[in-house]
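This report refers to the structure that appears directly beneath it.
The values are calculated or read from the model by the stated rules, or taken from the named source; none is laboratory data. Just so it is clear, the model here is predicted, and its values are computed rather than measured. Positions of Cβ are backbone-derived with ideal geometry, glycine not excepted, and every protein chain shown enters the neighbour counts. Just the protein is used for accessible areas: all its heavy atoms, side chains included, with ligands, DNA and RNA removed. Shrake-Rupley method; radii C 1.70, N 1.55, O 1.52, S 1.80 Å.
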Amino acid sequence: MDVMAKTSTTTQGLRAAIERSGYYPALVAEAVESALGGEPIRSYLVHQETTFDQNEVRRHVTVLVLTGNRFIVSHTDEQAADSTSPTPYATTSTESVKLDRISSVVVSRVVANPEQYQPGTLPREVVLTIGWGAVSRIDLEPAACGDPNCEADHGYTGSSTADDLSLRVSEAGDGPDTVRQALAFAQAISEATADVAR
């Protein structure tokens, strides 16, 4: 298959995945396509999640797209009518990150019965975490010494963690195809960032 045919198939696959999510597909597709600017797609992942906020059900969709040069993240949320809007509304945002800015790709897999694991078995869930330095979380706590009677101020100790994107998919909640797509996307972005580092 030549590059143009593959690109066309990948673009159609992305649009079909956005349509399948059923979550404002015209709005989501337009935002993603605008961010892409016609650049060929290497891999993608569409993930919809539903959350419960007090008495309301809210939906959120995340679209991740990998191109030859960039990683594109799109988030769309729906909001109930409030003091700023008399009708329900949706907010969509896209971020474009150059591949050389990605500092970490973490893939956590949860497997059942690990003693019986066979290579190629689908994990029960996958958590994909990607960091590029836009958002960091700092966890601090008071420092202490080994003396339980010490009352001196030892300052603080803590850690800083990149927290740009963390996405969890599970076979039970999202289906096996979404878990497979998450693993494929994780592999593609890991390979792309390794290529940039060379």
Between region 28-45 and region 168-195, the alpha-carbon center distance in angstrom: 17 Å
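Ordering 47, 154, 60 by accessible area with a probe of 1.4 Å, largest first, what comes out? Don't skip to the answer; put the middle values down first.
On the way: 47 10, 154 80, 60 30 Å².
Descending accessible area places them as 154, 60, 47.
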Please list the non-local residues whose amide H lies under 5 Å from the amide H of residue 124, H modeled 1.01 Å from N, same-chain partners needing a gap of 5 or more. 110, 111, 112
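Only bridges with both residues in region 76-150 count here: give the DSSP antiparallel percent, nearest 5. Don't jump to the answer; show the numbers that get you there.
Details: 12 of 12 bridges.
So the antiparallel bridges amount to about 100 percent of the total.
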Take the Cα coordinates of region 39-196, assign each an equal point scatterer, and use the Debye formula without solvent to give log10 I(q)/I(0) at q = 0.17 Å⁻¹. -1.07
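Given the Cα-Cα distance of residue 60 and residue 168 and 0.36 nm per residue of separation, how much length would full extension add, in nm? Let's see the in-between values first.
Working: separation 108, 0.36 × 108 = 38.88 nm, distance 1.30 nm.
Contour length minus the Cα-Cα distance gives 37.6 nm.
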Largest-first principal axis extents, alpha carbons of region 46-102, Å: 42, 21, 14
Given charges of +1 on the Cβ of Lys and Arg and -1 on the Cβ of Asp and Glu, with all other atoms neutral, how large is the dipole of the chain about its Cα centre, in debye to the nearest 20? 860 debye
